[in-house]
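One structure is given here, and the rest of the page talks about it.
Derivation of every value follows stated rules applied to the coordinates shown; laboratory data play no part. Note that the structure is predicted; figures quoted are calculated from it, not measured. Cβ atoms come from the backbone with ideal geometry, glycine included; neighbour counts cover every protein chain shown.
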Amino acid sequence: MSLPSSDLLNSRKFEIATALSLLLFLFRIVFSTVNSPLLLILNELLVLSSLYFWILYITNFINEKEHTPISLVLNAGILNAILFFIIAITTVLFDKLPEDEISFGFFEALILLLLGFITLGIATYIISGFSELMKLKQKRNPAKYFNSMMLFFLFSAILFAYSQFDNSLKSVDNAVYVVAICLITFNALRVSWIAFLVKKQKLQLLIISIVLIILFGFNFSFTMESDFFNQAMINFSPGIYRSLNLIMLYGVIYFVIIFFTALFHLPTAEAFDKKSEEISSLFDLSKLLTSVFDFKDLAENITSITTKVYNSDSAWLLTREGDEYKLSSVSGIGYMQAEKITESVLEKYDYNLSEVLIIDKKKIKFRVRNDIVSFNFDSMAIAPLKVHNQIEGFLFVARKSDSRFESEDKKAIAAYADYAAIALENAKLIKESLEKERLEKEMEVAREIQYKLLPNKIPSFKDLEISAVFIPAFEVGGDYYDFFEVGEKNLAFVVADVSGKGISAAFIMAEIKGIFESLSKTISQPKVLLNYANDIINQSLEKKYFVTAIYGIIDMQNGKLTFGRAGHTPLHLFRDNSVKRLRPNGIGLGLDHGNKFASTLEEMEIQLNNNDILILYSDGITEAQNGINEEFGYDKLDTIVTENWRKNASEISNEIIKNVTTFSKDKAQHDDITLVVFKSNFNNKQIEVG
Amino acid sequence: MADFNVNTREVGSVRVIELKGYLDAHTAPELENTFNSLINDANFKVVVNFNSLKYISSAGLGVFMAYVETMRENSGDIKFTNMNKDVYNIFDLLGFPMLYEFFEDEDLAIQKFNNSL
């Protein structure tokens with residue numbers, strides 16, 4: 001309420017109200033009868049201002065507690081009953097006040113004072129309660145109207161007090177009284193909060209309002225009669241007497257209006273309840289949306305809420321998985337039944353609904369095992385669950401009897417289905433992101449294995465520069481390279497690529513490392529070694545996996561290279577300003593389970609010269625793609641080598657990697673990249689000559 | 001996610017699998033399913049048409065390796081046809097032409113099956 005000084009601190013209001021009341025009390029003790037205009041004015045000032053501050057304080061107090069309208073009404077009723085009781089008691093116990101004021105004893109004065117204060121308190125609380133009720137469910141701020149009514153109460157109170165001494169303003173007093181009554185009626189019409197009560201509360205209110213009309217009516221009529229209580233009140237303060245009179249009148253009018261409003265609202269109460277339950281279920285669903293992340297839980301919640309809200313016998317939910325719709329949850333119906341009904345209904349529409357479909361009175365027959373079962377329903381609503389204009393599922397709601405789905409239900413179900421679609425989509429996305437996280441963890445482990453399998457030190461020689469670079473892809477690709485020093489004078493090397501990705505590729509890599517490492521110790525001929533490797537891999541690997549490899553051996557005394565290729569990318573040899581791609585025949589390891597591998601495998605021998613450059617790599621380099629899906633290819637690789645042949649092995653290697661990464665900067669690295677560069681310093685020309 | 005599509009046609013006793021799009025570790029299971037259902041229905045003569053295939057990864061190649069033996073044990077085979085140069089290169093590098101039959105055109109592969117009857 002925006003009354004003057006209503007923005008004071010609560011404790012301050014209390015202090016002022018208490019102080020005023022104390023002052024009033026002392027004033028009344030000193031002047032037990034108020035018989036001069038000056039005293040009367042002082043008296044009224046104290047009474048009305050303490051009433052005002054008490055109202056301010058109590059209003060705040062009620063505000064904080066957030067009372068329901070029914071409890072506010074009940075409180076007003078109880079206070080009225082007390083007042084009624086007091087009036088009744090005093091009327092029975094005391095006679096009329098003697099006209100002669102002097103015979104007023106101290107005891108009587110005290111009782112009068114007490115009565116005055118009790119009435120003051122009750123009036124305060126009732127007014128505060130009414131002002132709270134007034135504010136309920138009002139779109140515009142009603143304080144303006146209530147405050148002006150209060151103002152006229154005040155005018156009326158003052159005029160009434162004044163007319164105790166001077167009758168000349170009697171007509172003005174009457175006029176103000178009438179205006180106050182008009183304002184009362186106007187304010188009393190603000191009862192829209194009744195609409196928001198549930199049916200049960202409306203019934204309660206109906207009964208309570210009858211009781212309250214009677215109570216307020218009695219109290220109002222008592223204030224009109226001139227018995228002890230009235231005289232006592234007029235004696236205490238004519239202002240409060242008039243206020244009380246107006247409040248009682250207000251109560252009567254207000255509760256008569258409430259009674260009729262509640263009565264007229266009763267027939268529509270049920271529909272209103274249903275609507276508000278729908279709204280609150282939408283709210284529940286939006287809460288679910290943020291609290292339930294498990295898809296299955298959510299699906300079950302959606303069907304159970306649906307049956308409850310739409311007063312239906314069964315509900316079931318279909319969600320899309322790939323290209324099919326699967327039954328995700330059922331409520332009030334068997335799984336098989338729901339499936340059969342869905343089929344028979346949706347096939348007609350080719351699983352495509354643009355809006356909620358309502359089917360009335362139908363009998364669906366279908367076969368369950370060997371029995372023909374029929375399903376009867378009165379009305380069935382089928383809502384498509386749409387996300388980004390794509391149908392992600394269907395929500396079925398069926399009523400066996402009771403009532404049909406109306407066009408209004410259609411709208412409500414559509415809104416509900418929209419919410420459900422969003423919630424389900426959220427749950428799906430969360431599940432996917434969890435899955436992604438799991439995959440990332442797995443890849444991390446795979447990468448770690450891969451790193452541990454690769455050599456941590458590259459051997460170095462006077463006559464041969466070696467550089468090796470490995471760049472893993474997010475999904476571990478299964479690239480592997482290694483160097484073995486065989487005996488005193490030979491260097492063996494292997495570059496391999498395991499098919500598949502991830503943790504399985506990493507495990508196969510580990511196996512391959514074991515195979516090459518152990519075979520290289522006893523077998524010096526690449527062709528023989530690769531044959532053995534193929535046999536072992538055929539026995540141990542699943543059929544769908546294979547490994548491509550180049551295995552070679554370099555005699556470090558004379559620079560003779562012997563190598564075999566098993567399905568791997570060619571070995572590029574730069575010599576005399578041109579690049580040759582060396583591709584001896586050879587099937588990938590694990591591809592052939594007969595004798596083709598051995599019979600087709602070729603071995604190649606090359607005498608390395610000074611400045612010969614050997615490039616070995618995995619297809620992660622040649623198949624690296626740019627933004628428009630072009631592959632890096634062989635030619636670019638050769639050009640880079642030709643242009644940079646004067647540089648040392650690691651500089652050439654850097655140049656290649658730099659070019660590949662620049663080329664594929666717009667695309668995520670899809671496969672592991674392995675690059676091994678040898679640059680020969682063998683000066684064999686002399687040997688050849690000699 | 002890359003698009004991939006498998007379509008199976010019936011040409012006499014031969015089944016033609018048409019591949020479309022990107023065949024990699026993620027889409028390979030779809031092709032595996034196709035092969036499984038062919039074997040379930042005792043169809044062992046298979047022609048794979050690569051006309052619309054854009055890319056094949058090592059996991060995609062692995063699918064053929066996993067099933068070819070079953071086909072051959074049941075006097076059938078997997079034959080490859082209509083490959084573009086890039087895809088053929090990958091098969092070639094791995095030595096597939098030494099293990100599988102490749103044809104320019106689907107009809108030639110079907111003919112080969114029919115002739116061997």
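Values computed for the structure shown
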| read-out | value |
| --- | --- |
| Positive-end extreme of charge dipole, the protein assembly as shown - chosen from B:L19, A:F546, A:A17 (charges on Cβ) | A:A17 |
| Computed magnitude of the charge dipole of region A:10-274 (debye, nearest 20; Cβ of K, R +1, Cβ of D, E -1) | 1340 |
| Amide H within-cut-off set for B:V47, under 5 Å, with H built and near neighbours excluded | B:R15, B:V16, B:I17, B:K79 |
| Packing-based ranking, highest mean first, of A:167-180, A:413-426 given that Cβ atoms within 10 Å are counted | A:413-426, A:167-180 |
| Calculated over region A:10-274: convex hull of Cα atoms, volume per residue (Å³) | 123 |
| Packing-based order for A:216-222, A:483-489, using average beta carbon neighbours within 10 Å, highest first | A:216-222, A:483-489 |
| Chain A: C-alpha pair distances exceeding 32 Å, % | 70 |
| Exercise: per-residue mean of other protein chain Cβ atoms within 10 Å, A:614-624 | 1 |
| Computed [θ] at 222 nm, helices only, for chain A once each DSSP H run of length n ≥ 4 contributes -39500 (n - 2.57) | -19000 deg cm²/dmol |
| Normalised per residue, the volume of the convex hull around the Cα set of region B:4-115 (Å³) | 88 |
| Extension gain, A:E343 back to A:L151 (0.36 nm per residue minus Cα-Cα distance, nm) | 62.0 nm |
| Chain B: angle of helix B:106-115 to the longest principal axis, Cα-based, in degrees nearest 10 | 30 |
| Alpha-carbon Debye profile of region A:238-290, log10 I(q)/I(0) at 0.23 Å⁻¹ | -0.85 |
| At R0 = 22 Å, FRET efficiency that the Cβ-Cβ distance of A:D284 and A:R404 yields, to 0.05 | 0.30 |
| Electrostatic dipole magnitude of region B:4-115 [Cβ: Lys, Arg +1; Asp, Glu -1; Cα centre; debye, to 20] | 40 |
| Label-point separation in nm, A:K596 to A:K665, each point 7 Å along Cα→Cβ | 4.4 |
| Contact order relative to length of chain A, as percent, for alpha carbon pairs under 8 angstrom and 6 or more apart | 8 |
| Gyration tensor (Cα) of region A:292-433, equivalent ellipsoid semi-axes in angstrom | 23, 17, 14 |
| Loop-resident sites, region A:295-391, for GluC sites (Glu not before Pro), counting at most 15 other Cβ within 10 Å (DSSP) | A:E355 |
| Fraction of the pair-distance distribution of region A:566-652 above 16 Å, Cα-Cα pairs, percent | 62 |
| Euclidean distance between Cα centres, region A:564-618 to region A:487-526, Å | 16 |
| For region A:9-60 and region A:410-443, distance of Cα centres in Å | 64 |
| Kyte-Doolittle mean at least 1.0 and Cα axial length at least 15 Å: DSSP H helices in chain A | A:10-30, A:37-65, A:69-93, A:106-135, A:143-162, A:170-188, A:199-224 |
| Average partner coverage of B:43-49, which counts Cβ from other chains inside 10 Å | 0 |
| Rg to Rh quotient for region A:454-689, alpha carbon positions, Kirkwood Rh | 0.95 |
| 10 Å Cβ neighbours from other chains, averaged over peptide A:562-568 | 2 |
| Stretchable slack from A:F94 to A:A271, in nm (0.36 nm times residue separation minus alpha-carbon distance) | 58.3 nm |
| Part-to-part distance (alpha-carbon centres) for region A:184-242 and region A:257-284, which is given in Å | 26 |
